[in-house]
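Everything below concerns the one structure shown next.
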Amino acid sequence: MGTLYIVGTPIGNLEDITHRALRILREVAVIAAEDTRQTRKLLNHFEIPTPAVSYHEHNQRTAGPHLIERLQAGDDVALVTDAGMPAISDPGEDLVRLAVAAGVPVVPIPGPTAFTTALVVSGLSTERFAFEGFLPVKGKERRAALERLKQELRTWILYEAPHRVIETLEDLRDALGDRPMAAARELTKLHEEVVRGTPAELLAHFEQKAPRGEFVLVISGAPAAEQAPPEEATPTSLAAAVAALEAGGMDRKAAMKEVATRFGLTKRDVYQALLELKEDE
């Protein structure tokens, strides 16, 4: 049985790769890469001859089982993404799930991650935080997600593409008002920039200076004055909270977990409440 290594690679500056990551990339039988052309630049820079195969969102259904077969046959496989840690907002999550189900050893090789890198330079609280990935693109789902996140007590973090940053900052301005936030782009690269202020101030900045590079947006949690009053945990209120999250694009299991955390319950408590409500109806 081979081992699946989840290998963190630099998010920009090649000096950020670890000695252990380089050793693993040299020793494995094959590297599963989001974009083999991008990964080959990294491998060529460090003179690593290991072959790379494609594994991405468009071929994961066929490439994933093939990689599991190789692992079961004894080959070691390294999973990498274009930048940062695989399996975060990345189809590598599914490959890890397949490996775990098949009994394949999974070993992390830690490396940089854009959202934690942005968080620690944001100037906002790092005590408790929530990584949200990308906001939904569709209007109704997007509004529902922002309405939910408006009440989030923890610092929360988004990824955004440069061509959608202006629109997202407009939505954040409308939803959050003067809530403190930071926008980080080109992290660890030559043109690294971190802009701090309100959504309106960041919007003015990037309307004057065209957004370039991948963005991480870090937003302060809701202050006490904006927090919704505590709601009684009844089957009806729990079901409504789960339904609102599902309308925002979240699957039911994740929605029940989120609602359980919000109300200080277990996921089983929420599930039982939904069953009771269904029986009453």
Practice prompt. Mind counting the residues in region 1-29 that are among the polar types (S, T, N, Q) and surrounded by fewer than 16 Cβ atoms within 10 Å (Cβ to Cβ)?
Written response: 1
Worksheet item: Tally time: how many residues in region 15-62 are touching a residue at least 40 places away in the same chain (Cβ under 8 Å) and either in contact with a Phe, Trp or Tyr (Cβ under 6 Å, 6 or more places away or on another chain) or not polar (S, T, N, Q) (or both)?
Response: 16
Practice prompt. Could you tell me which residue of region 205-250 is modelled with the lowest pLDDT, considering only residues that are within 23 Å of F115 (Cα to Cα) and small (G, A, S)?
Written response: G248
Discussion item. Looking for something of a type in the set (A, V, I, L, M), surrounded by fewer than 18 Cβ atoms within 10 Å (Cβ to Cβ), touching a residue at least 40 places away in the same chain (Cβ under 8 Å) and out of contact with any Lys or Arg (no Cβ under 8 Å at 6 or more places or on another chain) - is there at least one such residue anywhere in region 107-129?
Written reply: yes
Worksheet item: Name the pairs: first residue in region 201-214 and within 14 Å of A182 (Cα to Cα), second residue in a helix (DSSP H, G or I) and among the charged types (D, E, K, R), Cβ to Cβ under 7 Å, at least 6 apart or on different chains?
Response: L203/E170; L203/R173
Fill in: Residue that is surrounded by the most Cβ atoms within 10 Å (Cβ to Cβ) [pool: residues in region 31-60 that are farther than 23 Å from I11 by Cβ and over 21 Å from the mean Cα position of the chain (by Cα)]
P51
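Determine which member of the set L153, L190 is surrounded by fewer than 18 Cβ atoms within 10 Å (Cβ to Cβ), assigned to a loop (DSSP other than H, G, I, E, B) and either in the same structural domain as D82 (by TED's automatic domain parsing) or without any contact (Cβ under 8 Å) to a residue 40 or more places away in the chain (or both).
Details: L153 fails: either in the same structural domain as D82 (by TED's automatic domain parsing) or without any contact (Cβ under 8 Å) to a residue 40 or more places away in the chain (or both).
Of L153, L190, the one residue that is surrounded by fewer than 18 Cβ atoms within 10 Å (Cβ to Cβ), assigned to a loop (DSSP other than H, G, I, E, B) and either in the same structural domain as D82 (by TED's automatic domain parsing) or without any contact (Cβ under 8 Å) to a residue 40 or more places away in the chain (or both) is L190.
The values are calculated or read from the model by the stated rules, or taken from the named source; none is laboratory data. Treat the numbers as computed from the prediction; the structure is a model and nothing was measured. Cβ coordinates were reconstructed from backbone atoms using ideal geometry, including for glycine residues, and neighbour counts include every protein chain displayed.
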